[in-house]
1. How many residues, within segment 178-187, are in contact with a strand residue (DSSP E or B) (Cβ under 7 Å, 6 or more places away or on another chain) and either surrounded by 21 or more Cβ atoms within 10 Å (Cβ to Cβ) or aliphatic (A, V, I, L, M) (or both)?
2. When N38 is evaluated against the numbered criteria (1) near ligand 1 (Cβ under 7 Å from one of its atoms); (2) among the polar types (S, T, N, Q); (3) in contact with a helix residue (DSSP H, G or I) (Cβ under 9 Å, 6 or more places away or on another chain), which criterion, by number, is the only one it fails?
3. Quick one: count up the residues across segment 42-58 that are assigned to a helix (DSSP H, G or I) and either among the hydroxyl-bearing types (S, T, Y) or in contact with a Leu (Cβ under 7 Å, 6 or more places away or on another chain) (or both).
4. Within the set of pairs 6+ apart or on separate chains, which have a first residue in segment 34-53 that is free of Cβ contacts under 8 Å to residues at least 24 places away in the same chain and among the hydrophobic types (A, V, I, L, M, F, W, C), a second that is more than 6 Å from ligand 1 (Cβ to nearest atom) and open to solvent by 40 Å² or more (accessible area, probe 1.4 Å), and C-beta atoms under 7 Å apart?
5. Out of the residues in segment 97-111 that are farther than 21 Å from R154 by Cβ and without any contact (Cβ under 8 Å) to a residue 12 or more places away in the chain, state the one that is surrounded by the most Cβ atoms within 10 Å (Cβ to Cβ).
6. Which residue out of T64, T48 is of a type outside the set (D, E, K, R) and either in contact with a Phe, Trp or Tyr (Cβ under 6 Å, 6 or more places away or on another chain) or within 14 Å of ligand 2 (Cβ to nearest atom) (or both)?
7. Just name the residue that is most open to solvent (accessible area, probe 1.4 Å) out of those in segment 212-235 that are free of Cβ contacts under 8 Å to residues at least 60 places away in the same chain and of a type in the set (A, V, I, L, M).
8. Tell me, yes or no, whether segment 123-141 has at least one residue that is within 16 Å of ligand 1 (Cβ to nearest atom) and touching a residue at least 24 places away in the same chain (Cβ under 8 Å).
Amino acid sequence: MSLLTVDVDAAGYGPATVLRDMRFGVPAGGRLVVLGANGAGKTTVLRTISGLCRAEGSIRLDGTELVGMPTHRIAGAGLAHVPQGRGTFGDLTVRENLLVGGSTRPRRSVAADADRWMERFPRLGERSARPASGLSGGEQQLLAIARALMSAPRVLLLDEPSLGLAPKVTTDLFATLDELGRETGTAMLLVEQNAEVALGIAEDALVIESGRITVRGSAAELRDNDDVRRAYLGV
Ligand SMILES: Nc1ncnc2c1ncn2[C@@H]1O[C@H](COP(=O)(O)OP(=O)(O)O)[C@@H](O)[C@H]1O
Ligand SMILES: [Mg+2]
């Protein structure tokens, strides 16, 4: 049984259809990575789940139909989305960014949670009163992820967290994601161009090309797939 079930015939922007026959599931606590080249439709997959695109079909979170639900209610249903690029509010402080992430929850527990994140990640704690825009790229991505987890989601959608980060920073960030996933039990749907790191923390994987799924299997199977190796692993 999947926690998140995507069963979409078509999705896109206004009259433009970008995705077709997009069908997959993410189990509770599981991790699925969606690989694909630039322009393949990865961001659109996440935006469709978050209610930001036109979708025909069904998307269910623990049985609740999300298609047709407004974005803020989808978030309230247990989904958090870290968008591509800067997922933080640059003008707000680090602490304020975390508090915004928990705005749907009771105030007192949110403040305590924000403190816990800043203890856990001292680089954020040291900068708690500074604008998020002053953080390095890797720290901003970490803050964006912490902010998303502040809503205590059941599923975390992550859009190319490695984008623009140095290889070492990316490796560290994915190790942290792996840990946080284990600790919180949050399921993850991760889209990436960096197949190497993404397959390393995922159980299952899909490849999309021109808005359609072309390969699917376990992360280990995709790592051994010659086409995937050539196209996405630079082998
Ligand atoms: N707002 C939009 N309106 C119309 N088409 C869009 C919009 N955003 C993206 N697209 C198109 O959707 C396709 C997939 O884009 P995207 O999901 O951003 O790909 P990826 O994230 O894999 O790079 C591209 O052909 C792109 O031109
Ligand atoms: Mg994208």
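The values are calculated or read from the model by the stated rules, or taken from the named source; none is laboratory data. In this text, all values refer to a predicted model and were calculated from it rather than measured experimentally. Positions of Cβ are backbone-derived with ideal geometry, glycine not excepted, and every protein chain shown enters the neighbour counts. Heads up: the accessible areas ignore ligands, DNA and RNA and are worked out on the full protein's heavy atoms, side chains in. Shrake-Rupley method; radii C 1.70, N 1.55, O 1.52, S 1.80 Å.
1. 2
2. N38 satisfies all of (1) near ligand 1 (Cβ under 7 Å from one of its atoms); (2) among the polar types (S, T, N, Q); (3) in contact with a helix residue (DSSP H, G or I) (Cβ under 9 Å, 6 or more places away or on another chain) except (3).
3. Selection size over segment 42-58: 6.
4. As it stands, the answer is L52/T71, since those pairs meet every condition given.
5. Within segment 97-111, the match that is surrounded by the most Cβ atoms within 10 Å (Cβ to Cβ) is R107.
6. After ruling out the rest, the residue left standing is T48.
7. V235
8. no
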